[in-house]
Structures are given as C-alpha cells and as structure tokens.
Amino acid sequence: MDDVNPYDHYVIQRYLHKPLLIEGLKFDLRIYVFLCGLDPLRIYMYKEGLSRFATENYVPPNNNNLDNLFMHLTNYAINKNSSKFIFNKSDENDSIGHKRSLTFVFRHL
C-alpha cells in the first residue's frame with residue numbers, strides 16, 4: 001500500500017488470463033438494466049447494449065506489454081485515444097469498429 005498514491009486514478013478488477021476474444025481483441029459487455037423493485041424483485045433488461053473492444057490484439061501479459069492499456073483494457077475513454085480506434089458510423093453494419101452492439105456479440109458467439 002505504500003506504493004499507492006491516493007490522488008492517482010486506478011482501475012481495479014480481476015484480470016482474466018485466458019479471456020474470450022473476438023477477432024483477437026479483448027472486449028466487455030455493457031448491459032443496461034432497470035431495477036424497479038426489491039420485494040418482489042423486478043429487473044428489466046434493455047434488449048440492446050454495447051460491446052467495447054480493445055484496440056490492440058491481445059497477448060498474454062508479460063514484462064514487455066503490461067503498460068499497453070490499449071491491449072489489456074476495453075474502456076472507451078482509453079481506447080478512443082488509440083491511433084487504431086475505429087468509430088462505426090454505420091447504422092446497418094454493427095460488426096465494424098471498437099464499439100459494437102450487444103447483438104453483434106451474441107450473433108458472433
């Protein structure tokens with residue numbers, strides 16, 4: 001803990017060493033839910049969501065690539081700054097770019 005600066009920004013999550021990849025890229029799913037009651041439990045899930053992709057092909061972590069955020073993280077806020085980031089401007093083709101629909105991932109799987 002002595003090495004942690006409380007004024008720095010960090011991302012903390014469990015790291016998956018064998019992640020599921022699409023086109024060689026790590027991705028995550030953003031699923032939108034609405035919690036409208038606890039007793040009884042009532043949750044609605046929106047039928048569409050987002051998948052956010054890393055912009056560098058995944059290679060298992062090693063000393064040479066640990067600082068490559070474009071490979072290991074899928075955050076849009078990070079990857080939009082990559083020179084490889086592709087923004088999908090097509091309403092008809094959701095299989096392009098580094099932000100895609102949840103429907104695309106389900107079709108792909």
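Throughout, read-outs are computed from the coordinates displayed, never taken from laboratory work. Here the structure is a predicted model, which is why all the values come from computation and not from measurement. Here the Cβ is made from the backbone with ideal geometry for all residues, glycine too, and neighbour counts use every protein chain on show.
Excluding same-chain pairs closer than 8 in sequence, count the lysine pairs in the chain whose Cα atoms lie under 23 Å apart.
13
Restricting to DSSP loop positions (anything but H, G, I, E, B) with no more than 15 other Cβ atoms inside 10 Å of their own Cβ, which GluC sites (Glu not before Pro) remain in the chain?
Here the GluC sites (Glu not before Pro) that fit, given the DSSP loop and packing criteria, are Glu23, Glu48, Glu92.
May I ask for the distance between the Cα centers of the range 1-38 and the range 93-108, given as a whole number of Å?
19 Å
Do any chymotrypsin sites (Phe, Trp or Tyr not before Pro) in the range 55-89 lie in a loop, going by DSSP, with at most 12 other beta-carbon atoms within 10 Å of their beta carbon, and if so which?
Phe87
Please rank Val4, Val105, fewest neighbouring Cβ atoms within 10 Å first, as an exposure proxy.
Val4, Val105
Test of understanding: ordering His108, His72, His9 by Cβ neighbours within 10 Å, fewest first, what list do you get?
Ranked by crowding around the Cβ, least crowded first: His9, His108, His72.
Restrict the search to the range 1-101; then list the trypsin sites (Lys or Arg not before Pro) that DSSP places in a loop and that have at most 16 other Cβ atoms within 10 Å of their Cβ. Walk me through the numbers on the way to the answer.
Details: sites: Arg14, Lys26, Arg30, Arg42, Lys47, Arg52, Lys80, Lys84, Lys89, Lys99, Arg100; in loops: Arg14, Lys26, Lys47, Lys80, Lys84, Lys89.
Here the trypsin sites (Lys or Arg not before Pro) that fit, given the DSSP loop and packing criteria, are Arg14, Lys47, Lys80, Lys84, Lys89.
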